[in-house]
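Contents: one structure, followed by commentary.
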Amino acid sequence: MITIIAGGKKHSGEYGWIIKDYQKRCRKPFDYEFKFYEGEKLDDYLSVWPFKGDQFVILCDERGENISSPEFAELLETQFNGSREVVIIIGGAYGVAPEVREKANFVWSFSKLVMPHMIARLVVAEQIYRAQEISHGSHYHHE
């Protein structure tokens, strides 16, 4: 299972149902859950989070590495094959502390654009589903 730690409120509105639909489609090991922390609570949580050795932490940040969907699928599969728990962090409105960035195993950029939390969550949800479909050889992803 993948854990997604996100700043802000729970899913709502127009994007919420789409995110939940992708979540329902994902099966082990691509299934995921969200943990939400509003405002400073996210920073507080991340500052004391132990970052366990069996976790592979991906931080979503526009200053990270831009990879393709097949590369993301391969990254997840590699972690699952190594029995590592995957944790994806979507920072708050002002990002995350430098210490969190340094502890992350991979900093992932969707693009150089900055986007609202709900859109970032939607991108993560869709890319996890796409990674699952790539791994299973379905025709969802086209090259």
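The values are calculated or read from the model by the stated rules, or taken from the named source; none is laboratory data. In this text, all values refer to a predicted model and were calculated from it rather than measured experimentally. Cβ coordinates were reconstructed from backbone atoms using ideal geometry, including for glycine residues, and neighbour counts include every protein chain displayed.
Among residues of the stretch 111-125 that are in contact (Cβ under 8 Å) with a residue 60 or more places away in the chain and small (Gly, Ala, Ser), those with a Cβ under 8 angstrom from a residue that is surrounded by 14 or more Cβ atoms within 10 Å (Cβ to Cβ) and in a helix (DSSP H, G or I), sequence gap 6+ or separate chain, pair up as Ala125/Ile18; Ala125/Ile19; Ala125/Tyr22; Ala125/Gln23. Listed by first and then second residue, the pairs linking a residue in the stretch 12-37 that is among the aromatic types (Phe, Trp, Tyr) to a residue that is at pLDDT below 95 and outside any helix (DSSP H, G or I), with Cβ atoms under 6 Å apart and 6 or more places separating them unless they lie on different chains, are Phe34/Ala6; Phe36/Ala6; Phe36/Lys10. I'd like to know if the stretch 89-99 contains one or more residues that are of a type in the set (Phe, Trp, Tyr) and more than 17 Å from Ile128 (Cβ to Cβ). Yes, because at least one residue in the stretch 89-99 is of a type in the set (Phe, Trp, Tyr) and more than 17 Å from Ile128 (Cβ to Cβ).
Test Ser135 against the stated conditions and say whether it is touching a residue at least 40 places away in the same chain (Cβ under 8 Å) and crowded, with 16+ Cβ neighbours inside 10 Å. Considered against the rule, which asks whether it is touching a residue at least 40 places away in the same chain (Cβ under 8 Å) and crowded, with 16+ Cβ neighbours inside 10 Å, Ser135 comes out as yes. Mind listing whichever residues of the stretch 21-49 are in a loop (DSSP other than H, G, I, E, B) and either in contact with a Pro (Cβ under 7 Å, 6 or more places away or on another chain) or crowded, with 17+ Cβ neighbours inside 10 Å (or both)? Of everything in the stretch 21-49, those that are in a loop (DSSP other than H, G, I, E, B) and either in contact with a Pro (Cβ under 7 Å, 6 or more places away or on another chain) or crowded, with 17+ Cβ neighbours inside 10 Å (or both) turn out to be Cys26, Pro29, Phe30. Filtering the stretch 28-54 to residues that are of a type in the set (Lys, Arg), over 16 Å from Val87 (Cβ atoms) and more than 16 Å from the chain's Cα centre (by Cα) leaves only Lys41. The set of residues in the stretch 68-110 being under 19 Å from Gly7 (Cα atoms), of a type outside the set (A, V, I, L, M, F, W, C) and not in a strand (DSSP E or B) consists of Gly91, Tyr94, Pro98, Glu99, Arg101, Glu102, Lys103. Taking the criterion of being surrounded by fewer than 17 Cβ atoms within 10 Å (Cβ to Cβ) and β-branched (Val, Ile, Thr), the residues of the stretch 83-122 that qualify are Val114, Ile119. From the list Tyr45, Tyr129, Tyr140, the lone residue that is more than 13 Å from Ile4 (Cα to Cα), out of contact with any helix residue (DSSP H, G or I) (no Cβ under 6 Å at 6 or more places or on another chain) and among the hydroxyl-bearing types (Ser, Thr, Tyr) is Tyr45.
Look at the stretch 66-90: where a residue is touching a residue at least 12 places away in the same chain (Cβ under 8 Å) and a partner is surrounded by fewer than 19 Cβ atoms within 10 Å (Cβ to Cβ) and in a strand (DSSP E or B), sitting 6+ places away or on another chain with Cβ atoms under 6 Å, you get Asn66/Ser109; Glu85/Gln55; Val87/Thr3; Val87/Gln55.
For every residue, the table says whether it meets (1) of a type in the set (Asp, Glu); (2) at pLDDT below 90.
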{"position": "Lys20", "(1), (2)": "no, no"}
{"position": "Arg25", "(1), (2)": "no, no"}
{"position": "Lys28", "(1), (2)": "no, no"}
{"position": "Glu40", "(1), (2)": "yes, yes"}
{"position": "Leu46", "(1), (2)": "no, no"}
{"position": "Trp49", "(1), (2)": "no, yes"}
{"position": "Gly53", "(1), (2)": "no, yes"}
